[in-house]
Amino acid sequence: MKKFIETLKNCWKIEDLRQRLLITLLFTAIYRFGSFVVLPGINPNMLDKLQSQTSGGLMSLLDMFSGGAFSNASIFALGIMPYISASIVMQLLAVVVPYFQKMQREGESGRKKIMWYTRFLTVAILIFQAPTYLLNLRAQASAALATGIDWTIFVFPATIILAAGSMFILWLGERITDKGIGNGISLIIMIGIIARLPQAFVQEVTSRLTSISGGGLVMFIAELLILYAVVCAAILLTQGTRKVPVQYAKRIVGNQQYGGARQYIPLKLFAANVMPIIFAQALMFVPLAVVQYQSDSTSWLVQNLLNNRSLLYNVIFVILVIAFTYFYTAITLNPTQMAEDMKRNNGFIPGIKPGRDTAEYIDTIMSRITLPGSLFIAFIAIMPALAGLLNVQQSFSQFFGGTSLLILVGVVIDTLQQIESHLLMRHYDGLLNSGHTRHGGVSAY
């Protein structure tokens, strides 16, 4: 505790770090304040049915990612997810469309062009999602609209407000990245998730202590132990690497000798980070968008696809997570480029010929370590459903795994690394007893 307080004092002493922390706190406070600002013309006291709808199933995940803004009919109700959906589409296009492949290889200029297309696509998604949200709002809380306002007239300005609110959240995330502590989009997502934790915790404690079949305090302590074990497993997963030795040949330039030492390429056990779960989760939201207004929405298939605790939902979810893990690893790591870089710097893997053989060797290693990584991350992804078998409340079970847990763990680790780098550059002790955090944390996005 003493070391932690001393570290906080050191953070305050560094002017640049202090400013970045204060800016981050300011922007996150603005985001949380906006999640309670209700759409003009909506009575917040008449939203009980909407809040009941978002208490379980896929709707609860949408509400969690928006930090409760979805169930509050807030100006931030659509959250940051439209931008994430647009980013996913752009990454897929960069794999299959030559025009975007070329753009991706152009470096910083290509990245800016892709960001421009991503923002444009985000606006297009918002124009579709905002009226959809308003239709659901009308179905669940038609009485919430102020007297004298026609729904048809209300939809147009409300769509603009919802789209502007989502784009404003994106702007806040980018400002946190540029002026704050970094990883703004990831931090925005984390703040939205963690905002639901206190309420979910209280509900779970109340349920265990008051319900006859709740199991009492002993069962609640067992839940916390399981949650602690899952968090530790998630940390190990995000930090695990497989080191590939690389020997660099000696080079003599003038009177100086370069190379000759052995180094290691750290291939991450989970190179795809949290993105496979986000990809899979985005696809699992498709049935919700397609069938929630259909007359056959009570069919067995639809009900199971909309229930994130059903067997069918979780089987499909696991398959998608594993598939997207391989896909995202393939597009983020290029063994051919790694082999060329080693060859250009007079490096080689002992026992492996430089060039094509090295690329195939790295690809084989990645395939081998991606399989256990994908299986483990799939297990983490369905932990909320497994927690449901222990009668854990829906809101609290979401913190037992899935996107929520990995985002929380990854963003916290990455934020600590950002702070640590500022401290170490100015010769202050780091945040942990070892003096530094282990690098290689996971960002949500």
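Observations, loosely collected:
- Estimated dipole of the chain in Debye, rounded to 20 [Cβ of Lys and Arg +1, of Asp and Glu -1, Cα centre]: 1260 debye
- Lys/Arg +1, Asp/Glu -1 at C-beta; the stretch 100-189 dipole; positive extreme among 158, 132, 187: 187
- Heavy-atom accessible surface of the chain: percent carbon and sulfur, 1.4 Å: 64 percent
- The longest part of the chain holding none of the exposed loop trypsin sites (Lys or Arg not before Pro), meaning those outside H, G, I, E and B in DSSP with at most 16 other Cβ atoms within 10 Å, is 251-425.
- Net charge of neighbours whose Cβ lies under 12 Å from the Cβ of residue 399, counting Lys and Arg as +1 and Asp and Glu as -1: -1
- Per-residue [θ]222 nm for the chain (sum of -39500 (n - 2.57) over DSSP H runs n ≥ 4, rounded to 500): -21500 deg cm²/dmol
- Backbone N within the stretch 157-183 under 20 Å of label point (7 Å from residue 120 Cα along the Cβ vector): 163-164, 167-168, 170-171
- Rounded to the nearest 20 debye, the dipole size of the stretch 95-244 about its Cα centre is 600 debye, using +1 on the Cβ of Lys and Arg and -1 on the Cβ of Asp and Glu.
- Accessible-area ranking of 414, 178, largest first, probe 1.4 Å: 178, 414
- Additional length obtainable on full extension of the chain from residue 164 to residue 23, 0.36 nm per residue less Cα span: 48.6 nm
- Pairs of Cα atoms nearer than 8 Å and 6+ residues apart set the relative contact order; for the chain it is 18 percent.
- On full extension, the segment bounded by residue 343 and residue 151 gains 62.6 nm, given 0.36 nm per residue less the C-alpha separation.
- Top positive-direction residue, dipole computed over the chain with Cβ charges, set 8, 226, 422: 422
- Point-to-point label distance, residue 303-residue 332, nm (Cα→Cβ direction, 7 Å offset): 3.8 nm
- Solvent-accessible ranking of 321, 231, 218, largest area first, probe 1.4 Å: 218, 231, 321
- Relative contact order (%) - criterion: Cα under 8 Å, at least six apart; region: the stretch 5-81: 28 percent
- Site pair residue 13 and residue 108 shows an inter-label distance of 3.4 nm when each label is modelled 7 Å from Cα along Cα→Cβ.
- Computed magnitude of the charge dipole of the stretch 10-69 (debye, nearest 20; Cβ of K, R +1, Cβ of D, E -1): 140 debye
The values are calculated or read from the model by the stated rules, or taken from the named source; none is laboratory data. Because the structure is predicted, anything quoted here is derived from the model rather than measured. Positions of Cβ are generated from backbone atoms using ideal geometry, with glycine treated the same way; all protein chains shown enter the neighbour counts. Accessible surface is based on the protein model in full, side chains and every heavy atom, while ligands, DNA and RNA are left aside. Shrake-Rupley method; radii C 1.70, N 1.55, O 1.52, S 1.80 Å.
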